[in-house]
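Report on the structure given below.
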């Protein structure tokens, strides 16, 4: 199975290549860098083998997308059509969600949250908390039976920092990094400490409350660009897995194909 799996987020687009079910590469590109995205897709597509039975030299692969940003989905669709004469398969539309959801409005849950949760549960096999620290922070819960129960959504580092800058007279905008001390001796460091440890504490508190709801302590997996910054201070988290969403995109397509084969 050869798949280009794409995670379209609010800030970046992650593009992964899987050849014969094995992950080959993952690249993260700013979503507004259309030329870089196009070049990355072309490079990945050229690595997919050509079907031996195809006179038109059609490649034996598909492009599968999870998206939270429709405008960028349209861009990917146009690139695939123009360069490869291929359609894209969208999670939640052409490709069904890989796990069941027990929420009020399942159609409104971001597919990035769902595929990440499915990828984590596929490995753990028991209740799991999946925290994605990106433009927004999402902390979701999957129960022992693999049911997505819902989660929490909070602003990520950049949104929080920008809100402080935009809604105060003198606070500067900052980029959150790992602090040297738990308190800041200047305004920028104080903001940095506040946002950094607020996210560490958020994850611990939400996970504790999920555990109380379940009656046992679930495994906790963190991912996302912000997780790279804070994961060393999240001792209670079991694993830090970069690019979990794009791996979940591949898993969703794989499950879809396997279910079709079983039905035949």
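The numbers here are math on the coordinates, done by the rules we state, and not lab data. Everything numeric here is computed off the predicted structure, so don't read it as measured data. As a convention, Cβ positions derive from the backbone with ideal geometry for all residues, glycine included, and neighbour counts pool all protein chains shown.
Between residue 104 and residue 43, what's the calculated FRET efficiency when r is the beta-carbon distance and R0 is 41 Å? Round to 0.05. Each step should come with its number before you reach the end.
Values: r = 42 Å, r/R0 = 1.02.
My answer for the efficiency is 0.45.
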statement: For the stretch 171-256 (alpha-carbon point model, no solvent) the Debye-based log₁₀ I(q)/I(0) at q = 0.10, 0.20, 0.26 Å⁻¹ works out to -0.35, -0.97, -1.20
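Taking other Cβ within 10 Å of each residue's Cβ, how do 40, 193, 154 sort, fewest first? It would help to have the intermediate numbers written out before the result.
Numbers: 40 21, 193 18, 154 15.
Ordered by Cβ neighbours within 10 Å, fewest first: 154, 193, 40.
Once the piece of chain linking residue 213 and residue 147 is laid out straight, how much longer is it, given 0.36 nm per residue of separation minus the C-alpha distance between them?
Working: separation 66, 0.36 × 66 = 23.76 nm, distance 1.43 nm.
22.3 nm is the gain from fully extending residue 213 to residue 147.
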task: Please tell me the relative contact order of the chain in percent, rounded to the nearest whole number, where contacts are Cα pairs under 8 Å and at least six residues apart.
output: 18
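Give me 207, 177 ranked fewest to most by other Cβ atoms within 10 Å of their Cβ, as a rough exposure proxy. Don't jump to the answer; show the numbers that get you there.
Values: 207 21, 177 12.
Going from least to most buried by this count: 177, 207.
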- prompt: Given the C-alpha centroids of the stretch 98-149 and the stretch 194-229, what is the distance between them in whole angstrom?
  reply: 14
query: What is the helix-to-structure angle for 244-263, meaning the angle in degrees between its Cα long axis and the longest Cα principal axis of the chain, kept from 0 to 90 and rounded to the nearest 10?
result: 40
- prompt: Taking other Cβ within 10 Å of each residue's Cβ, how do 171, 51 sort, fewest first?
  reply: 51, 171
Of 243, 14, 216, the one that fluctuates the most in a GNM where the chain has Cα springs shorter than 10 Å: 216
- prompt: Regarding the stretch 1-102, what is the average projected area of its C-alpha convex hull, in nm²?
  reply: 7.0
field: Helix 70-84 axis, angle to the chain major axis (alpha carbon atoms, nearest 10°)
entry: 30
- line: Square roots of five times the C-alpha gyration tensor eigenvalues of the chain, ordered largest first and given in whole Å, equal 34, 24, 15
message: If each DSSP helix of 4+ residues adds -39,500 (n - 2.57) and the sum is divided by the residues in the chain, what number results at 222 nm, nearest 500 deg cm²/dmol?
response: -13000 deg cm²/dmol
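Please quote Rg/Rh for the stretch 65-129 to two decimal places, taking the Kirkwood radius as Rh and restricting both calculations to Cα atoms.
Numbers: Rg = 14.1 Å, Rh = 13.3 Å.
Across the stretch 65-129, the Cα-based Rg/Rh ratio is 1.06.
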task: Output the antiparallel fraction of DSSP beta bridges having both residues in the stretch 100-246, as a percent to the nearest 5.
output: 60
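Considering only DSSP beta bridges with both partners in the chain, what is the antiparallel share in %, to the nearest 5? Write out the running numbers ahead of the final one.
Numbers: 28 of 47 bridges.
The antiparallel proportion sits near 60 percent.
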- line: Cα-based Rg/(2.2 N^0.38 Å) for the stretch 100-246, rounded to two decimals, is 1.09
task: With N set to the residue count of the stretch 189-230, report its C-alpha Rg divided by 2.2 N^0.38 Å to two decimal places.
output: 1.35
